[in-house]
Amino acid sequence: MDGGRLHRLGKRLIELSSQVTGEAGDLSLTPGEAAVLEDVIKHPASSISEIHQRTGFVQSHVSASVSRLKARGLVKATTDPDDGRRTRVAIADEALQAISRRAARDINQVIGHTVTDPARARRATELLEELADLLL
């Protein structure tokens, strides 16, 4: 497999995961907001500066994304007790519960619509499980 095919496969897997985890009426996030939210989930109680360093986004972009995510109730921002100038960001409990529910959804229906032969759809799911075990 060459890099171009791997890139196309990655994009297709992202599309399929969006079909599984998305639902009508979901909030839409910009790619930057999604990256910041993912970082906050992986690194609770991070400062804006720490998020900036890990994501590579400029600090003003991280601050603006956190502000929008906070306004939507997806994150909570608190003042660092050790340094009142620093803001600590964590995922809101309700948002984490909603993300966990969506992440637990089964992929079989989406794979079944994509790969219409039931035996090949099962094989595709098995291969995805094996790939996840190897790479994650």
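The values are calculated or read from the model by the stated rules, or taken from the named source; none is laboratory data. No experiment lies behind these values; they were computed from the predicted model shown. Heads up, the Cβs are rebuilt from the backbone with ideal geometry, glycines too, and the neighbour counts pull from every protein chain shown.
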Considering only segment 93-110, state which residues are assigned by TED's automatic domain parsing to the domain that holds Leu37 and touching a Leu at 6+ places or on another chain (Cβ under 6 Å). Ala95
Please go through (1) surrounded by 12 or more Cβ atoms within 10 Å (Cβ to Cβ); (2) in a helix (DSSP H, G or I); (3) without any contact (Cβ under 8 Å) to a residue 60 or more places away in the chain; (4) among the hydrophobic types (A, V, I, L, M, F, W, C) for Ile111 and return the number of the only condition it doesn't satisfy. (3)
Index of the failed condition, Asp83 passing every other in (1) over 22 Å from Gln19 (Cα atoms); (2) of a type in the set (D, E, K, R); (3) at pLDDT 95 or above: (3)
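Specify which of the listed residues (Ile14, Ile41, Ile51) is of a type in the set (Val, Ile, Thr), at negative phi, in contact with an Asp or Glu (Cβ under 7 Å, 6 or more places away or on another chain) and part of a helix (DSSP H, G or I). It would help to see each step written out before you state the result.
Working: Ile14 fails: in contact with an Asp or Glu (Cβ under 7 Å, 6 or more places away or on another chain); Ile41 fails: in contact with an Asp or Glu (Cβ under 7 Å, 6 or more places away or on another chain).
Checking each option against the conditions leaves just Ile51.
Results for (1) exposed (fewer than 10 other Cβ atoms within 10 Å of the Cβ); (2) among the acidic types (Asp, Glu); (3) farther than 22 Å from Ser100 by Cα, shown as yes or no for each residue.
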| residue | (1), (2), (3) |
| --- | --- |
| Arg5 | yes, no, yes |
| Leu13 | no, no, no |
| Val20 | no, no, no |
| Thr30 | no, no, no |
| Val36 | no, no, no |
| Asp39 | no, yes, no |
| Pro44 | no, no, no |
| His52 | no, no, yes |
| His61 | no, no, yes |
Under 9 Å between Cβ atoms, which residue pairs at least 6 apart in sequence (or on different chains) link something in segment 22-40 that is assigned by TED's automatic domain parsing to the domain that holds Ala95 with a partner that is among the acidic types (Asp, Glu) and at pLDDT 85 or above? Asp39/Glu50
